[in-house]
Amino acid sequence: MHDSIKSILSMSPVMPVLTINKVEKVEYLFEALIKGNIKTVEITLRTDCALQVIEIASKNFSTLQIGAGTVINESHLQTVKDAGASFAVSPGATTTLAKKAIEIDFPFLPGVSNSSDIMKLLDLGFKSFKFFPAQAAGGINYLKALSGPFPDISFCPTGGINEDNAIEWLNQKNVICVGGSWIVPSKIKDYKEITNRALLASQLIK
Ligand code: 3PG
């Protein structure tokens, strides 16, 4: 369980964070991302149709690893697993939530923003974390400082990452990939533009 989340995240340097408001034409979005060589996505549970979108994506786009984001309680975890998601992502984590992921054997990326968060989850065997909100919680210097006491821990920083700063984050030795909403704007007008953004992102070298 703990190793599988790291191998999923290692598939692409960038994981688009998607907040999707309607189901119509959602296939076009996933096709555009796949054409852009994206392998992992986080679909946030922030909209009414999010679960339905997770179901559609996991059923029809087997080359994509579908993550469910904004998972903040135990029942979310079981629900997104049942909907077909391959993994779950949280902005933070409680011990209860992390233990539930272990119990149901579901790859889980808990969120952390400081050493105490990391230590609680290390005790449960977690070694990969979402660093959130990455820029606001201290940015790259903060993440560098965490590599001192936690040399074996790796992160997916998210929150404030964009096309201008992603490469700098990816150059950190404790970063597996970065997450962000910049690849898919909230109002989609042009799927080619999404493919282009995805291509640029997936070519960022780690
Ligand atoms: C997340 O849920 O990970 C963030 O909302 C994404 O942050 P961003 O919009 O700053 O990329």
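The values are calculated or read from the model by the stated rules, or taken from the named source; none is laboratory data. None of the values given here were measured: they were computed from a predicted structure. Quick reminder, even Gly has a Cβ in these numbers, built from the backbone with ideal geometry, and neighbours come from all protein chains shown. Remember, those area values only see protein heavy atoms, side chains included, never the ligands or the DNA or RNA. Shrake-Rupley method; radii C 1.70, N 1.55, O 1.52, S 1.80 Å.
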Checklist entry - Can you name the residue in the range 146-163 that is in contact (Cβ under 8 Å) with a residue 60 or more places away in the chain and either touching a Gly at 6+ places or on another chain (Cβ under 7 Å) or within 13 Å of the ligand (Cβ to nearest atom) (or both) and is also farthest from Phe126 (Cα to Cα) among such residues? => result Thr158
Checklist entry - List pairs: first in the range 66-81 and closer than 15 Å to Ala98 by Cα and of a type in the set (A, V, I, L, M), second open to solvent by 10 Å² or more (accessible area, probe 1.4 Å) and part of a helix (DSSP H, G or I), Cβ under 6 Å, 6+ apart or cross-chain? => result Leu77/Lys100
Next on the checklist: Can you find a residue that is within 21 Å of Lys35 (Cβ to Cβ), more than 15 Å from the ligand (Cβ to nearest atom) and part of a loop (DSSP other than H, G, I, E, B) anywhere in the range 180-189?
Outcome noted: yes
Checklist entry - Is it the case that some residue within the range 132-139 is at pLDDT 95 or above, within 12 Å of the ligand (Cβ to nearest atom) and polar (S, T, N, Q)? => result yes
Next on the checklist: Give all pairs with beta carbons closer than 9 Å in which a residue from the range 89-116 that is within 15 Å of the ligand (Cβ to nearest atom) meets a residue that is of a type in the set (Ser, Thr, Tyr) and not in a loop (DSSP other than H, G, I, E, B); count only pairs at least 6 apart in sequence or on separate chains.
Outcome noted: Val89/Thr44; Val89/Thr158; Pro91/Thr158; Leu109/Ser128; Pro110/Ser128; Gly111/Thr158; Ser113/Tyr142
Checklist entry - Limited to the range 164-176, what total is found for residues that are hydrophobic (A, V, I, L, M, F, W, C) and either free of Cβ contacts under 8 Å to residues at least 40 places away in the same chain or under 19 Å from Lys35 (Cβ atoms) (or both)? => result 3
Checklist entry - Given the conditions (1) open to solvent by less than 10 Å² (accessible area, probe 1.4 Å); (2) closer than 21 Å to Ser181 by Cβ, which single one is not true for Leu97? => result (2)
Checklist entry - Can you name every residue in the range 134-159 that is assigned to a loop (DSSP other than H, G, I, E, B) and open to solvent by less than 50 Å² (accessible area, probe 1.4 Å)? => result Ala134, Ala137, Gly138, Ser147, Phe150, Ile153, Gly159
Checklist entry - When you scan the range 3-53, how many residues do you find that are more than 15 Å from the ligand (Cβ to nearest atom), part of a helix (DSSP H, G or I) and free of Cβ contacts under 8 Å to residues at least 40 places away in the same chain? => result 9
Checklist outcome for this item: Reported set for the range 168-185 where residues are among the β-branched types (Val, Ile, Thr) and either open to solvent by 60 Å² or more (accessible area, probe 1.4 Å) or under 16 Å from Leu109 (Cβ atoms) (or both) is Val175, Ile176, Val178
Next on the checklist: Restricting to the range 107-133, give me the number of residues that are touching a Gly at 6+ places or on another chain (Cβ under 9 Å) and either surrounded by fewer than 22 Cβ atoms within 10 Å (Cβ to Cβ) or assigned to a loop (DSSP other than H, G, I, E, B) (or both).
Outcome noted: 7
